[in-house]
Amino acid sequence: MAPGSQKDCGFFEIGTSSTSWLILCESAIDALSCCALHPEYRCLSTAGARANPRWLSSLISHGLEIYCGYDADPVGDAMAKAMQTRHPNVKRLRPSRKDWNEVIRSK
């Protein structure tokens, strides 16, 4: 993140725009790794584990099927649970290793 940037005002996204499935990842490298593992999804970095990014409600209102793919660690699990409490339609997609980058590096 560049000095002075505001994480909550945007995101990094990769993947096909023709899909209605979206996976939220904590970092850009995880979004890239997740997209390589799941090319049928759009993958988006939230620039850190956050339960309620400013733009999330807008994505939900567009009828997207959203999965929280935050890291498989205490912070990622807690933020995913908090996100699901605020937005019950968000599902959890937990990486099988600590994060999506570790999953892809293990293959």
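The values are calculated or read from the model by the stated rules, or taken from the named source; none is laboratory data. What you see is a predicted model, and the numbers here were worked out from it, not measured in a lab. Don't worry about glycine lacking a Cβ; one is built from the backbone with ideal geometry, like all the others, and counts go over all protein chains shown.
Summary of computed values
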{"item": "Residue check for Pro95: part of a loop (DSSP other than H, G, I, E, B) and modelled with pLDDT of 90 or more", "result": "yes"}
{"item": "Of all residues in segment 57-81 being closer than 18 Å to Ser17 by Cβ and aliphatic (A, V, I, L, M), the one that is modelled with the highest pLDDT", "result": "Ile66"}
{"item": "Residue selected from segment 15-26 under the condition at pLDDT below 90 and closer than 19 Å to Ile104 by Cβ, by the criterion surrounded by the fewest Cβ atoms within 10 Å (Cβ to Cβ)", "result": "Thr16"}
{"item": "Segment 27-66, residues that are within 17 Å of Arg105 (Cα to Cα) and outside any loop (DSSP other than H, G, I, E, B)", "result": "Ala28, Ile29, Asp30, Ala31, Leu32, Ser33, Cys34, Cys35, Ala36, Leu37"}
